Amino acid sequence: MSNYVITGFDENYSRYGISWLISLRLLAEYKENIIIFGYNLSSHTKSIIHKLDAELIEKENCQDIRKSVLQSIPHREGKIAYWDADVWFQDKIDEIFDMKSIGVTSQNGFMIANQTQWNLYRCTQQFSE
């Protein structure tokens, strides 16, 4: 099973999102799957995302990007970790995926769970734009 790291940002926040992505790839040395939800991104920002080998899912602009991303977590096998895009990684994160018992937890813009737990989380939240 694969692991995924996910975030989302719009063009106004792209300098933070690109720094997030670069630090994840270079400083955390994260080699697995990255999914970026992009809201109204420029072609330049999209190009950087693709060069850093991240999957880009383009979305419509919205008021609450975090809520939109968490509502849109794709169905993938494995563990899925979400961080807000204003985080900068300073060390490897692989150990978080080794946790035996994991559920959706939220603290300071970080959440992690497997697909079943994400589905349960989505069902229990009141998502509205």
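The values are calculated or read from the model by the stated rules, or taken from the named source; none is laboratory data. Note that the structure is predicted; figures quoted are calculated from it, not measured. We place every Cβ from the backbone using ideal geometry, glycine too, and count neighbours over all the protein chains shown. Side chains are part of the model used for accessible areas, which takes the heavy atoms of the whole protein and leaves out ligands, DNA and RNA. Shrake-Rupley method; radii C 1.70, N 1.55, O 1.52, S 1.80 Å.
Quick check: is even one residue across the stretch 81-93 at pLDDT below 85, within 17 Å of residue 35 (Cβ to Cβ) and small (Gly, Ala, Ser)? No, that holds for no residue. Answer yes or no: is there a residue in the stretch 58-78 that is open to solvent by less than 40 Å² (accessible area, probe 1.4 Å), free of Cβ contacts under 8 Å to residues at least 60 places away in the same chain, within 19 Å of residue 20 (Cα to Cα) and not in a helix (DSSP H, G or I). Scanning the stretch 58-78, I find no residue that is open to solvent by less than 40 Å² (accessible area, probe 1.4 Å), free of Cβ contacts under 8 Å to residues at least 60 places away in the same chain, within 19 Å of residue 20 (Cα to Cα) and not in a helix (DSSP H, G or I), so the answer is no. Taking the conditions (1) closer than 27 Å to residue 116 by Cα; (2) touching a strand residue (DSSP E or B) at 6+ places or on another chain (Cβ under 7 Å); (3) surrounded by 12 or more Cβ atoms within 10 Å (Cβ to Cβ) in turn, residue 49 satisfies each one other than (1).
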